[in-house]
Amino acid sequence: MSQAVSLSSAADVAAPTPTPATALSSYLAAQQEKSFLRFITCGSVDDGKSTLIGRLLYDTKLIFEDQLSALERDSKRHGTVGEEIDFALLLDGLQAEREQGITIDVAYRFFATDKRKFIVADTPGHEQYTRNMATGASNCDLAVILVDARHGIVTQTRRHSFINSLLGVRHVVLAINKIDLVGHDKSVFDKIVADYEQFASGFDFDSITAIPLSARFGDNVVERGPNLNWYDGPTLLGHLETVEIAKDESARPLRFPVQWVNRPNLDFRGFSGTVSSGRVSVGDKIVVAKSGKSSRIKEIVTFDGTQEEAQAGEAVTLTLEDEIDISRGDLLTQPDHRPHISDQIAAHIIWMDDAPLLAGRSYVLKIGAQEVNASVTAIKHKVEINSFAHEAATKLNLNEVGFCNLSTSHPIVFDKYEEDRQTGSFILIDRFSNQTVAAGLVWFGLGRADNLVWHDLDVDKKARSEQKHQKAKVLWFTGLSGSGKSTIANLVEKKLHAVSKHTYLLDGDNVRHGLNKDLGFSDEDRVENIRRIGEVAKLMADAGLIVLVSFISPFKAERALVRSMLDEGEFAEIFIDTPLELCESRDPKGLYAKARKGEIANFTGISSPYEAPDQPDVHIKTHERSAEDAALHIIREVLGDDGIDPDLADFTI
Amino acid sequence: MALARQSHLAQLEAEAIHIFREVAASFKKPVMLYSVGKDSSVMLHLARKAFYPSRIPFPLLHVNTGWKFREMIEFRDQMAKDYEFDLISHTNPDGLRDNVNPFDHGSSLYTQIMKTDALKQALNAGGYDAAFGGARRDEEKSRAKERIFSFRSDNHGWDPKNQRPELWSLYNTRIRQGESIRVFPLSNWTELDIWQYILSENIPIVPLYMAAKRPVVERDGALIMVDDQRLPLQPGEAPREKLIRFRTLGCYPLTGAVESGASSLEEIVEEMLVAKSSERSGRMIDHDDSASMEKKKREGYF
């Protein structure tokens, strides 16, 4: 029975033999237990990659008769090996490739043995197709790096090894091909292996297995052959069938990128996606990474019924106990191991476009199901392929690898690439051509929180205010009671708030009734009142806020004191200049009337002096302009240099 | 037989579901090409899984040349009824008017008019920005190099030398007005995977895949089924009853049958395992030249 249905011996079997259904079922069940290995073949042009894969397919009897006869026909027409079968023609699928004898794009091949199913990414050797090689490596667990025994380690060996290491391919087979052309010489093999191990020592490979072979004649590909008796390691296929790719994605923290909101009717709201790492069970608490909102898993829904649990790799639909706001691009995670969130990241970039990468230009960044605008703010260095040295760079050309800082339009949720290939990888897309121009691997986040971890920076006023995209400021409104200070200060605050500035307005209402309720209106108390307000304003400025203070603050000295407490340029004195007669005629709270009657003692302008500023930063004469106009004028004068556009503020309100 | 967790079939299934959802979430107006063959049956099954409990959120498009097997059309209509999907059937009206057929016009011109042109007409008429196809990379050499999300220009052309890099499972879904993406969720499946999956999941397929006695004539080494009286018989040619089945389904005058006694899914899979010729050999259109498929694809063929 096993003979009749064994794939590797399939072509030896002449005709279908009747098989009991149970035997077939158990065979199919065994097929399902097979493990899956995705590997990439790479190396310089003419090292024989396509020939090697053709040989693997041929020797594992996976070439059908009609394919073989087409191959024989093509070998005669385009072949480069005389009357023999040119295995490379089996793989080089595109017309241009057959004619030029090169491989310009990744070809995917499939084969299976009794032990494993394989997907092979056969990738181009020419330098100008390095981007295609990176494409192939991104989904592979193992790389077969071919070396021509006659030439040893060459530039492409180094480049491909580096890119494999960068992309997280942890297992390498160093296939030293064309060993027949150096007389099957062991010393040639040993020298290449020594050379390779020396330069690859800095790479993060878990295993490097060197195998001498001849793809053309088949030695050590599937069968050992008679020519390499000095070698006692595995054949290439033997190794591919048995190498342990230890990788348990389900042991990692839960990551569930929401791909599609599943809403067939008003009674069902599910979140469809593939568990990218970890596992999730009914009843588990989950957190939406970006919003921090949490709920519990109600059901794990699939077409085949509900499940108690789902693990990495499974495509499912989750429903939650609570109605919380979740949409495509959100990442569901476990509460105790959350991903990073930042709008600033450092990443390796593999540049894949003909036009170079320019710092500052805006691209679309796609990470998981999140899409944001992003630009490279700095190219820290590029990697020189031969020495792996870091070199200064102002741009990245096609196939170059650089380490860059990126800034995104909105915060993104991610992990470091080395920890999670799914949530740590991104692509950049040109906004105009829509071409995929780069592959990115997140190294770390540069957000304020991440900076603490990585650079141990102090969190200071500058850091806090930069996080708010503003400069800390104190806008000090001084003027008589009824002059319009609070009205104008309120308008200024509204306009700043409308353009997402972080502000706070201190005035009599929120200070005299709380912090300063023990103070009266004597000169001493007035001084203490302003001193305390000054200290509070200073703390708030230190928190990075734009603070608006609206107090009569009649004395020059106290206003000067507050100015001295703050940094140079942080304090702006705004004189709301309204003639006493006008204030008295407005008298919104009836205070002037009471003061005239002597019912209020020490009333500024009546029974207590007001010291007008000599050189205010802004002088508003309220009888000459409207409150609206005054507010715009103040923002322009005080905050215009900080990039705040009062017209925008005006538009927004 | 349920799929073993983390088995290669479960992985292929999850990959395909991810692709289906990505398209539904990213494109304005997707459509699924439904050829009624076994690969289409698997696609339909995967699409139902991807969106459950929702219905499939896009229509299925069948490009009907008018020369499909009668059983395919019956099966198609039954499926649309059973699974409640929106079915659009399109036949090139120009070809219909001019009675374009495989005999008078030759398989190449016929395919161009009734399949390639018809497909473009239907895609343009629907304004679809993404179209699912059931092609697999193991089928044919130029397909081995095609992306899962394969960009098409505004005249549906494929530029094999200028394909977008496709890394990890991050698919670039951005296009301009008029351009489109062909999406191949079964890219990484092999023919054996398809049959194993049909068997494991008990997916309905057109009975023509199963062996039965059917009337055939033999032409250029291929067995052609006489599905209706429109097949012109050559002098001395007489249909004979033979126990046959089909490994691939298309237009009946262009689809070769194989002699087989495999009348159940189990037997088909078993036969697969000892097969000695690849499945496209039953399709006449690939025979002209080994680069012919790439040529057709550049022109907009699926």
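Residue check, A:Phe256 against (1) facing chain B (nearest Cβ under 10 Å); (2) crowded, with 18+ Cβ neighbours inside 10 Å, all met but one. Which one?
A:Phe256 satisfies all of (1) facing chain B (nearest Cβ under 10 Å); (2) crowded, with 18+ Cβ neighbours inside 10 Å except (1).
Identify all residues within the stretch A:289-305 that are open to solvent by less than 50 Å² (accessible area, probe 1.4 Å) and either within 14 Å of chain B (Cβ to nearest Cβ) or closer than 24 Å to B:Phe20 by Cβ (or both); write none if there are none.
Within the stretch A:289-305, A:Ile297, A:Ile300, A:Val301, A:Thr302, A:Gly305 qualify.
Report, ordered by the first and then the second residue, all pairs with beta carbons closer than 6 Å, sequence separation of six or more or different chains, a first member in the stretch A:263-280 that is free of Cβ contacts under 8 Å to residues at least 24 places away in the same chain, and a second member that is open to solvent by 10 Å² or more (accessible area, probe 1.4 Å) and of a type in the set (S, T, N, Q).
Close Cβ pairs satisfying both conditions: A:Pro264/B:Ser54.
Go through A:Lys382, A:Lys366 for me and flag whichever is modelled with pLDDT of 95 or more and either in a strand (DSSP E or B) or under 15 Å from A:Val437 (Cα atoms) (or both). Write out each step before concluding.
Numbers: A:Lys382 fails: modelled with pLDDT of 95 or more.
When all the criteria are applied, what remains is A:Lys366.
Any residue that is more than 28 Å from B:Thr190 (Cα to Cα), in contact (Cβ under 8 Å) with a residue 60 or more places away in the chain and open to solvent by less than 30 Å² (accessible area, probe 1.4 Å) - is there at least one of those in the stretch B:134-142?
Kept after step one, since they are more than 28 Å from B:Thr190 (Cα to Cα), are these residues of the stretch B:134-142: none.
The answer is no, given that none of the residues of the stretch B:134-142 is more than 28 Å from B:Thr190 (Cα to Cα), in contact (Cβ under 8 Å) with a residue 60 or more places away in the chain and open to solvent by less than 30 Å² (accessible area, probe 1.4 Å).
Find the residue count for the stretch A:155-184, including only residues that are surrounded by fewer than 14 Cβ atoms within 10 Å (Cβ to Cβ) and assigned to a loop (DSSP other than H, G, I, E, B).
Total meeting the criteria: 1.
Residues checked against (1) of a type outside the set (D, E, K, R); (2) surrounded by fewer than 21 Cβ atoms within 10 Å (Cβ to Cβ); (3) outside any helix (DSSP H, G or I); (4) under 18 Å from the mean Cα position of the chain (by Cα):
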{"residue": "B:Asn99", "(1), (2), (3), (4)": "yes, yes, yes, no"}
{"residue": "B:Pro102", "(1), (2), (3), (4)": "yes, no, yes, no"}
{"residue": "B:Ser107", "(1), (2), (3), (4)": "yes, yes, no, yes"}
{"residue": "B:Tyr110", "(1), (2), (3), (4)": "yes, no, no, yes"}
{"residue": "B:Ile113", "(1), (2), (3), (4)": "yes, yes, no, yes"}
{"residue": "B:Ala118", "(1), (2), (3), (4)": "yes, no, no, yes"}
{"residue": "B:Ala125", "(1), (2), (3), (4)": "yes, yes, no, no"}
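A quick yes/no check of all residues on (1) out of contact with any His (no Cβ under 8 Å at 6 or more places or on another chain); (2) assigned to a strand (DSSP E or B); (3) crowded, with 16+ Cβ neighbours inside 10 Å:
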{"position": "A:Arg532", "(1), (2), (3)": "yes, no, no"}
{"position": "A:Leu539", "(1), (2), (3)": "yes, no, no"}
{"position": "A:Val549", "(1), (2), (3)": "yes, yes, yes"}
{"position": "A:Glu584", "(1), (2), (3)": "yes, no, yes"}
{"position": "A:Pro588", "(1), (2), (3)": "yes, no, no"}
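Mind telling me which of the residues B:Arg214, B:Arg182 ends up being under 19 Å from the mean Cα position of the chain (by Cα), modelled with pLDDT of 95 or more and away from chain A (no Cβ under 12 Å)?
Working: B:Arg214 fails: under 19 Å from the mean Cα position of the chain (by Cα).
Selected residue: B:Arg182, the only one of B:Arg214, B:Arg182 that is under 19 Å from the mean Cα position of the chain (by Cα), modelled with pLDDT of 95 or more and away from chain A (no Cβ under 12 Å).
Can you go through A:Leu332, A:Leu266 and tell me which one is among the hydrophobic types (A, V, I, L, M, F, W, C), out of contact with any Lys or Arg (no Cβ under 6 Å at 6 or more places or on another chain) and more than 14 Å from chain B (Cβ to nearest Cβ)? First the steps, then the outcome.
Details: A:Leu266 fails: more than 14 Å from chain B (Cβ to nearest Cβ).
On inspection, the qualifying residue turns out to be A:Leu332.
Mind listing whichever residues of the stretch A:306-335 are farther than 17 Å from B:Ile17 by Cα, touching a residue at least 40 places away in the same chain (Cβ under 8 Å) and among the charged types (D, E, K, R)?
Across the stretch A:306-335, the qualifying residues are A:Glu323, A:Asp330.
Which residue out of A:Asn386, A:Asn399 is open to solvent by less than 50 Å² (accessible area, probe 1.4 Å) and more than 30 Å from A:Ser272 (Cβ to Cβ)?
Values: A:Asn386 fails: open to solvent by less than 50 Å² (accessible area, probe 1.4 Å).
Sole residue among the options that is open to solvent by less than 50 Å² (accessible area, probe 1.4 Å) and more than 30 Å from A:Ser272 (Cβ to Cβ): A:Asn399.
Being among the aliphatic types (A, V, I, L, M) and touching a residue at least 40 places away in the same chain (Cβ under 8 Å) is the filter here; which residues of the stretch A:512-539 pass it? Explain how you work it out, then say what you get.
Within the stretch A:512-539, the first condition is being among the aliphatic types (A, V, I, L, M), and the residues that meet it are A:515, A:519, A:527, A:530, A:533, A:536-537, A:539.
Residue satisfying the conditions is A:Ala537 alone.
Could you look through the stretch B:144-163, keep only residues that are modelled with pLDDT of 90 or more and either open to solvent by 10 Å² or more (accessible area, probe 1.4 Å) or under 27 Å from A:Ala112 (Cα atoms) (or both), and pick out the one that is farthest from the other protein chains (Cβ to nearest Cβ)?
Quick first cut of the stretch B:144-163, residues modelled with pLDDT of 90 or more only: B:147-152.
With either open to solvent by 10 Å² or more (accessible area, probe 1.4 Å) or under 27 Å from A:Ala112 (Cα atoms) (or both) added as a condition, the list becomes B:147-151.
On the way: B:Arg147: 9, B:Ile148: 10, B:Phe149: 10, B:Ser150: 12, B:Phe151: 8 Å.
That would be B:Ser150.
Pick from the stretch A:431-453 the residues that are surrounded by fewer than 18 Cβ atoms within 10 Å (Cβ to Cβ) and within 14 Å of chain B (Cβ to nearest Cβ): which of them is modelled with the highest pLDDT?
Restricting to residues being surrounded by fewer than 18 Cβ atoms within 10 Å (Cβ to Cβ) and within 14 Å of chain B (Cβ to nearest Cβ), the top hit is A:Asn434.
Kindly list the number of the only condition in (1) in contact (Cβ under 8 Å) with a residue 60 or more places away in the chain; (2) touching a helix residue (DSSP H, G or I) at 6+ places or on another chain (Cβ under 8 Å) that fails for A:Phe162.
Answer for A:Phe162: the failing condition is (2).
Quick one: in the stretch B:11-25, which of the residues that are open to solvent by less than 20 Å² (accessible area, probe 1.4 Å) and touching an Asp or Glu at 6+ places or on another chain (Cβ under 9 Å) is modelled with the lowest pLDDT?
Ranking the candidates gives B:Leu12 first.
Looking at (1) farther than 15 Å from A:Trp476 by Cβ; (2) surrounded by 14 or more Cβ atoms within 10 Å (Cβ to Cβ), which is the one condition that is false for A:Pro616?
(1)
Can you name the residue in the stretch A:251-272 that is out of contact with any Ser or Thr (no Cβ under 8 Å at 6 or more places or on another chain) and farther than 15 Å from B:Pro57 by Cα and, of all such residues, is modelled with the lowest pLDDT?
Ranking the candidates gives A:Ala251 first.
Going by the structure shown, is A:Leu519 open to solvent by less than 50 Å² (accessible area, probe 1.4 Å) and either in a loop (DSSP other than H, G, I, E, B) or basic (Lys, Arg) (or both)?
Values: open to solvent by less than 50 Å² (accessible area, probe 1.4 Å): yes; either in a loop (DSSP other than H, G, I, E, B) or basic (Lys, Arg) (or both): yes.
Taking the combined requirement at face value, the residue satisfies it.
Tally the residues that are at the interface with another protein chain (Cβ under 10 Å from one of its Cβ atoms) and either in contact (Cβ under 8 Å) with a residue 24 or more places away in the chain or touching a Ser or Thr at 6+ places or on another chain (Cβ under 7 Å) (or both), restricting the search to the stretch B:20-46.
Step one: of the stretch B:20-46, the residues at the interface with another protein chain (Cβ under 10 Å from one of its Cβ atoms) are B:20-26, B:45-46.
Checking which are either in contact (Cβ under 8 Å) with a residue 24 or more places away in the chain or touching a Ser or Thr at 6+ places or on another chain (Cβ under 7 Å) (or both) leaves us with B:20-24, B:26, B:45-46.
So the count comes out to 8.
For the stretch A:325-345, does any single residue satisfy the condition of being open to solvent by 40 Å² or more (accessible area, probe 1.4 Å) and over 28 Å from the mean Cα position of the chain (by Cα)?
no
Could you check A:Asp642 against (1) free of Cβ contacts under 8 Å to residues at least 40 places away in the same chain; (2) more than 16 Å from A:Thr487 (Cα to Cα) and say which number it fails?
Of everything listed in (1) free of Cβ contacts under 8 Å to residues at least 40 places away in the same chain; (2) more than 16 Å from A:Thr487 (Cα to Cα), A:Asp642 misses just condition (1).
Hey, B:Gly106 hits all of (1) more than 24 Å from B:Leu44 (Cα to Cα); (2) touching a residue at least 40 places away in the same chain (Cβ under 8 Å) but one; which does it fall short on?
Every listed condition holds for B:Gly106 apart from (2).
The values are calculated or read from the model by the stated rules, or taken from the named source; none is laboratory data. Quick caveat: nothing in here was measured; it's all calculated off a predicted structure. As a convention, Cβ positions derive from the backbone with ideal geometry for all residues, glycine included, and neighbour counts pool all protein chains shown. Ligands, DNA and RNA are excluded from the accessible area calculation, which covers all protein heavy atoms including side chains. Shrake-Rupley method; radii C 1.70, N 1.55, O 1.52, S 1.80 Å.
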